[in-house]
Amino acid sequence: MTAETTAFPLRRSAIGKRPRPRSHWLIPLFDRRAARWLLAGFALLLLVGASSPAWRHLYPAVAAPGWTYRVHLDAIERVSALVPDGKGGLYISQEMQDGKGMILRSGTDDGLRTVESGLSKPDGMIAYRGGVAFSQEQGKHPVSWMSGDGTRQLFSADSVEGLATDGHFLYAIEDLHGNGHLLRYDPETTSVTTLRSGLDEAEAVTICPDGRLFYSEKSRGQIRQLQADGPDPVVLDGLREPGFLLCNREGLWITEDATHMARVLLLDAQGDLNVVLSHLRSPQTIVEASPGHYLVAEQGRNRVLELQRATAEP
């Protein structure tokens with residue numbers, strides 16, 4: 001049996017159209033005004049959003065009360081590591097990648113000259129045994145040592161960033177995701193000992209005058225103190241991308257490697273965390289050039305700042 005289908009006639013609603021009010025001509029006018037207000041509000045939001053990064057970019061660095069700063073060197077692209085040469089000059093690394101990185105030396109009268117080239121993100125650098133040890137962060141490269149007799153390789157590692165020394169051993173830390181190592185190099189035996197493993201973006205390591213060793217894990221915003229028997233306690237937490245450490249008689253210095261609104265911090269002997277410099281752009285190394293005088297590499301503005309206490313002698 002074949003079912004027959006019946007087409008139902010289309011019926012219009014018996015409810016008639018409502019008559020338009022006399023003020024129907026005002027509706028398009030109100031709609032146009034509302035649209036203009038919405039567009040103006042949207043444009044204002046876009047303007048505020050676009051101006052926020054510009055404001056953060058242009059806002060000058062601010063020193064805390066009791067501190068002053070000035071520009072020491074300017075126009076140094078990708079400035080990163082700093083090492084005073086003990087003669088009034090300064091070793092400066094430029095953290096370019098893919099073999100374009102360099103180490104420069106500034107003198108008192110001869111400007112800047114290149115002392116090492118062909119490097120891939122030279123980021124760690126420290127005075128060591130009468131010369132300068134340096135690392136390369138991009139990939140598997142050796143930690144090297146340059147002196148008046150030339151440059152030679154010390155040991156191999158992967159993505160080494162921070163370097164530190166206690167006068168004998170050289171410490172290096174690898175900036176890897178979840179698989180970084182804290183290493184110790186013995187110059188007498190040329191052996192390398194792994195002190196810690198499984199670190200996540202561990203960028204900085206420093207040794208205090210009393211022998212304590214601190215290191216950072218950037219992704220976690222933490223600073224830890226190395227313990228002989230472990231585990232390593234967290235001494236600072238909640239930091240914004242801690243990128244470099246320095247420990248001296250004043251305390252533990254930390255720079256935050258953030259693109260905007262970064263800070264230079266000082267954890268003093270009383271355990272107080274002080275903001276010494278703020279509104280920085282990607283600060284890297286901080287070194288003590290002389291008692292009370294510090295140099296800070298501000299990579300985001302391609303310059304080196306000189307920082308000192310306001311009461312210190314120039």
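The values are calculated or read from the model by the stated rules, or taken from the named source; none is laboratory data. If you're wondering where the values come from, they're calculated on a predicted model, not measured in any experiment. Here the Cβ positions follow ideal geometry from the backbone for every residue, glycine too, while neighbour counts run over all protein chains shown. Just the protein is used for accessible areas: all its heavy atoms, side chains included, with ligands, DNA and RNA removed. Shrake-Rupley method; radii C 1.70, N 1.55, O 1.52, S 1.80 Å.
Structure summary
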read-out	value
Residue in segment 106-124 that is under 21 Å from residue 206 (Cα atoms), open to solvent by 10 Å² or more (accessible area, probe 1.4 Å), part of a strand (DSSP E or B) and at pLDDT 95 or above present	no
Test set (1) touching a helix residue (DSSP H, G or I) at 6+ places or on another chain (Cβ under 9 Å); (2) open to solvent by 70 Å² or more (accessible area, probe 1.4 Å) - residue 175 fails condition number	(2)
Which listed residue, of 53, 65, 84, is at pLDDT 95 or above and either farther than 30 Å from residue 141 by Cα or of a type in the set (Lys, Arg) (or both)	65
Any hit, segment 142-157, residues being open to solvent by 20 Å² or more (accessible area, probe 1.4 Å), touching a residue at least 12 places away in the same chain (Cβ under 8 Å) and out of contact with any strand residue (DSSP E or B) (no Cβ under 8 Å at 6 or more places or on another chain)	no
Subset of segment 65-105 [more than 14 Å from residue 303 (Cβ to Cβ), open to solvent by 20 Å² or more (accessible area, probe 1.4 Å) and in a loop (DSSP other than H, G, I, E, B)]	65, 66, 85, 86, 87, 88, 96, 97, 98, 99, 100
First in segment 72-91 and farther than 19 Å from residue 119 by Cβ, second anywhere and open to solvent by less than 40 Å² (accessible area, probe 1.4 Å) and acidic (Asp, Glu), Cβ under 6 Å, 6 or more apart	72/306
Pair list, Cβ under 8 Å, 6 or more apart: segment 103-128 residue within 15 Å of residue 84 (Cβ to Cβ), other residue open to solvent by 30 Å² or more (accessible area, probe 1.4 Å) and hydrophobic (A, V, I, L, M, F, W, C)	103/115; 104/112; 104/115; 105/112; 105/115; 106/73; 106/112; 128/145
